[in-house]
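Peer 1: Starting off with a structure, shown below.
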Amino acid sequence: MDDFTNRKVLPPRSVQEALDLGRVYHDQLVAAMPGLLVHCNDTILHCSATLARLLGYESAESIQALPGAMTLVPEDDRHTEQDVYTRCLKGLIRSQVRRIKRHRADGTVQWFDQLMESVDWGGQPAVMEMLTLMRPLAANAELPHQEQLLQAAIDAMPNGVLMLDRDLNVEGANSEFYRLWDYPIGMFPPGTAVALILTYNHARGDFGDVPCEETVAELCSRYLVKGVFNSERRVPNGRTLDIRTAPRADGGYVITHHDITDRKRIEDELRQAKERAEAILKELRETQRQLIVQEKMAALGQLTAGIAHELKNPLNFVNNFAELSGELLDELLELLEPLNGHLDDATRIDVNDLAGSLQGNLRKIADHGRRADGIVKSMLAHSRGGGGEWQATDLNALVEEALTLSYHAFRAQDRAFNAILDKHFDLVVGEVKLVPQDVSRVLVNLFTNSFYAIRKRQLICGDPNFAPRVDVTTSASAADVSIRIRDNGIGMSPAVLDKLFTPFFTTKPTGEGTGLGLSLSYDIVVHQHRGRFDVSSVENDHAEFTITLPRAATAVSLGERRKT
């Protein structure tokens, strides 16, 4: 035994006394330090022959032939040691003795006491490690033989062990405990109050900017347990420790520390992988939904276009023959004009009345034919796919066109239906970049639903003074534009509102609704145009739909999901 091992060591009463003990151990260790290893960025630059023998290698060249310095570090400590090496190269390591483990040539693990500092090696910064076999502490040398055997046993344990008496003073600790907490060796001999260790932790910044006395008192109280107590703690060197405190039969305590850094890292990686997989699955589902929407829109557009084209031909005949019949009637009247002198007054009046009625009928046929032709053209424009191209579109004109198309289409099914259409278009709205065919489909669907609701209320209430009404308002701000559609129809209950955008959900009788209109409309507004779709309603009073579209929305490719 040397002087340091044999000298009487008293428990420190302050952090400064503990540091002084550590410094004495440091100086003694430097005097006896046999092993030397120099490396930079995992490249071994130098190794002493003594260290090679301590590690069981034939020569220093055998160590220098290793892939790198990290080969000597046990796997469970590589992350922390790499961080220590990085800080050492930056000059951030204090000159204190550390307790570490290193692999020997035969694969076993050897404990060492280590000093480390940054040096200039051939013009570049390098890490110099000075190592010696773990030295017995002076306090341990005073222990009886059986207790020394116990100390050797707990030193061999893979977990950190700290033993406290009933007054929370240190009775013993193993090397793994010092390694996990990165404590300088020699500072905390048996008899040291655990409060002093916690005060040292506070002094080196483990707890951050918190009051020292209150924090230490609160942490000391956690040791006073009646049963096993578990906790996790992340220490400044980057390790995450699973700490288990258990009372002993003699009133003392045993605190074990298990390094779970790798387990936590794996758990984090698994969680991140799960989140990535869920995000990909969500995007795939969104893509699938967009494909379904596009397919349904395409099928609906083709159907509408086909019907409109079929109507176009007979309408052309009606319009052309109405115009031709008017011209032929004018020619006939010119030819019959010389015969007017041969007709009596009553006959002449009848002929003029009949001719006037016939001309008026032909004009009405021509007017309504042109009106029907306009509706068919709107249907064609509404159904025209146009490749789903985003275009700068006059929003007010688009809303008015959809309103007119929907109103005439509904009146074609119910000639007795009439409604007040109150339009308030904000001229500031101007042009908005959107897919006009798709937004037109949304508007037509909403207008048709509003007409259905007000007609149903009109038929149910039986009030002759009830006036069916649809208010359409557009407004604009710097960032977005809004379209508000409000009707005074039958409204919707809260239960219906909750399911309103669910595919295939409909409140209409069987055969009158598919339950896809609002679902598809929601997809077009929210997912395709990145807008907002708001609904409010009171039963038997009103329903109000508000569509908000961003002015600067970018074109959304198929399957791209909304990010906001």
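The values are calculated or read from the model by the stated rules, or taken from the named source; none is laboratory data. Note that the structure is predicted; figures quoted are calculated from it, not measured. Positions of Cβ are generated from backbone atoms using ideal geometry, with glycine treated the same way; all protein chains shown enter the neighbour counts. Areas reflect the complete protein model, heavy atoms only, side chains present, ligands, DNA and RNA absent. Shrake-Rupley method; radii C 1.70, N 1.55, O 1.52, S 1.80 Å.
Peer 1: Quick one: net charge around Val472, please, counting Lys, Arg +1 and Asp, Glu -1 for every other residue with C-beta under 13 Å from its C-beta.
Peer 2: -3
Peer 1: Heavy atoms of the protein only, probe of 1.4 Å, neighbouring chains included. What is the accessible area of Asp77 in Å², nearest 10?
Peer 2: Ignoring ligands and nucleic acids, Asp77 comes out at about 0 Å².
Peer 1: Considering the alpha-carbon set of segment 233-275 alone, what are its Rg and its Dmax in angstrom?
Peer 2: 14.8, 49
Peer 1: Can you give the log10 of the normalised intensity I(q)/I(0) at q = 0.11, 0.16, 0.20 Å⁻¹, computed with Debye over equal Cα scatterers of segment 190-302?
Peer 2: Result of the Debye calculation: -0.59, -0.90, -1.14.
Peer 1: Tell me which residues come under 5 Å, amide H to amide H, from Arg551 once H is placed; ignore anything under 5 positions away on its chain.
Peer 2: Asp480, Val481
Peer 1: Also: Under the rule of at least 5 residues apart or a separate chain, name every residue whose amide H is placed under 5 Å from the amide H of Leu45.
Peer 2: Val38, His39, Cys40
Peer 1: FRET efficiency for Ala279 and Ser231, Cβ-Cβ distance as r, R0 = 45 Å, nearest 0.05?
Peer 2: E between Ala279 and Ser231, to the nearest 0.05, is 0.85.
Peer 1: I'd like the Karplus ³J(HN,Hα) series for segment 483-490: coefficients 6.51, -1.76, 1.60, θ = phi - 60°, whole numbers in Hz, and an x wherever there's a Gly or Pro.
Peer 2: After applying 6.51 cos²θ - 1.76 cosθ + 1.60, I find 10, 10, 10, 10, 10, 9, x, 6 Hz.
Peer 1: Quick query: amide H of Lys423 versus all other amide H atoms, modeled in the peptide plane; which residues come in under 5 Å with a sequence gap of 5 or more or a different chain?
Peer 2: Distant-sequence amide H within range of Lys423: Val472.
Peer 1: Same structure, new question: Could you tell me whether segment 424-553 comes out rounded, prolate or oblate from its Cα gyration tensor? Rule is a ≥ b ≥ c as square roots of the eigenvalues, rounded for a/c under 1.5, then prolate if a/b exceeds b/c, otherwise oblate.
Peer 2: Here segment 424-553 falls in the oblate category.
Peer 1: Take the Cα pairs of segment 62-128, get the Kirkwood Rh, then feed it into Stokes-Einstein at 4 °C and 1.567 mPa s and tell me D in µm²/s.
Peer 2: 100
Peer 1: So, one more: Using a 1.4 Å probe, how large is the accessible area of Glu75, given in Å² and rounded to the nearest 10?
Peer 2: 140
Peer 1: What's the local net charge at Glu400, with K and R +1, D and E -1, over the other residues with C-beta under 11 Å away? Walk me through the numbers on the way to the answer.
Peer 2: Working: positive: Lys423; negative: Asp394, Glu401.
So the surrounding residues net to -1.
Peer 1: Right, another one. Please report, in debye to the nearest 20, how large the charge dipole of segment 176-259 is about its Cα centre when each Lys and Arg carries +1 at its beta carbon and each Asp and Glu carries -1 there.
Peer 2: Details: 9 positive and 11 negative charges, 48 e Å.
That gives a dipole near 220 debye.
Peer 1: Starting from the residue with the highest accessible area, list Ser175, Ser48, Ser475 in decreasing order, probe 1.4 Å.
Peer 2: Per-residue accessible area, sorted high to low, gives Ser475, Ser48, Ser175.
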